[in-house]
Amino acid sequence: MTAPGESKRGPVVRDWGLAFVVGVIQLAGGRNANMRQTGVHSLDVLGYTLLLVGPIALLLRRSQPLPVLLVTITSCAVYLLRGYGYGPIFISLVIAFISAAVIGSRWWTYPLVPIGYLALVWPLPALIGHPADPWLAFGMIAWLGVLVSIAEGIRQRQAVLVARRQRAEAARRDEQAQRQRRASEERLAIARELHDVLAHSLSLINVQSSVALELFDKKPQQAESALAAIKTASKDALAEVHTLLHAIRTGATAAEAQAEPLLERTDGTTRGSTAGRDSKRAQRYSTDPDSRQSESQPPPLRPTPAPRTPAPSIEDLDTLLRRARAAGLIVDTRIIGTAHRLPSVIDVAAARIIQESLTNVARHAPGAAATVTVRYTADSVDITVDNTRPTGTRSGSSGGNGVIGMRERAHALGGALTAGPRPSGGFRVAARLPASVPTEDADNPSGSTAQEV
């Protein structure tokens, strides 16, 4: 990587080198050209000085391109008007013109071409007694046209390069913004998952603790069962929180954090299984000799994996409902259609909706029984959670945005969710989720911010 000082010294060194080379060529070439021509003024101190004015002025061609061009034109004009012979003095003029046309404004540079032709070639030199050869006059017109074309070509090429750099920079900024947006969405998704885990577990703990307090003196055995349910719910919640924190530390996405880490994969390996990683590494080592060198290097240090638990899934409703049933809620299940594996993001969303619905039943409808119905179709999976009329009341259980959070979770996947009282009494939550999601949605299952239950 080039240091800032080196990047600034580079153009200065090149300008000094260019000025030195042009100065040597003009001095040596101008002397030889002047000696071979007849009827011209011999070079003197003024002549040699004029041959050096242009190269010296080129040292400022980047910062003052137009003044440098005027200085070189003036030195050439004085050189020719003094009667010195034609020679390489025009080299500095050509370089100054191209620099002014490329770096400066073309509207101030290009008009100097006809002015310089009139002053240095024809007709001004002829009027003061220095007529130019007709072929030279016509040839200079062609060379000046070529010079203008070269300058314009360089200018256009630089404009294209600048535009290309700007597009690349804009693309880089856009890519960085996209990465930041995706990272923000993933953080929101993990925050929502963390919120759902804590809200579901804490709600059940709150319900069971209230039951334990009411039954502690009258029915100690039932109070003991409630306390055991609190212990189980808190233990499961801690395990899920550890899983999500591990995902945050390792930079995993919310979908990866909930993608059944301990269940067997189709390739026979298990997430976190060293045997699976070692077998893959050995296979790659045997098939790719170039990988031996990279495999010989020690892998980078990574955090110690936190305890991982299987993500909630509707494939095993009994396990999913275990926590709610342990809290004393009576839950029946119905499965309609042929159950099939769903994408992890949809499976987790469906499980969270069921858990949230049962949490609301436990909080707002004490004594009610619930029925969870899962209906599989080719295009969607429909989830319905019904509960009967509550048999009692519980204070301090109002408020929260659980239904809003479930609805946003369903909408983020292209589904829909409705919630409201049943005509026969009780409450119903009905959600329809697609059986598959686009890749982009599956990779970014955030869709909404975390909600408070």
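The values are calculated or read from the model by the stated rules, or taken from the named source; none is laboratory data. Fair warning: this is a prediction, and the values are worked out from it, not measured in the lab. Glycine also receives a Cβ, built like all others from the backbone with ideal geometry; neighbour counts cover every protein chain displayed. Areas reflect the complete protein model, heavy atoms only, side chains present, ligands, DNA and RNA absent. Shrake-Rupley method; radii C 1.70, N 1.55, O 1.52, S 1.80 Å.
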Quiz item: If you check I91 against the conditions, is it within 54 Å of the chain's Cα centre (by Cα), hydrophobic (A, V, I, L, M, F, W, C) and at pLDDT 85 or above?
Solution: yes
Quiz prompt | So L60, is it open to solvent by 10 Å² or more (accessible area, probe 1.4 Å), of a type outside the set (V, I, T), within 47 Å of the chain's Cα centre (by Cα) and under 24 Å from L27 (Cβ atoms) | solution = yes
Quiz item: So which helices (runs of 4 or more DSSP H) stay within segment 290-385 end to end and still have 2 or more residues that are more than 23 Å from K231 (Cα to Cα), out of contact with any strand residue (DSSP E or B) (no Cβ under 6 Å at 6 or more places or on another chain) and modelled with pLDDT under 85?
Solution: 291-296
Quiz prompt | In segment 404-436, the residues that are of a type outside the set (A, V, I, L, M, F, W, C), closer than 19 Å to A378 by Cβ and part of a strand (DSSP E or B) | solution = R432, P434
Exercise. Run A228 past the list (1) loosely packed, with under 15 Cβ neighbours inside 10 Å; (2) more than 19 Å from the chain's Cα centre (by Cα); (3) more than 16 Å from L329 (Cα to Cα) and report the number of the one that doesn't hold.
Key: (3)
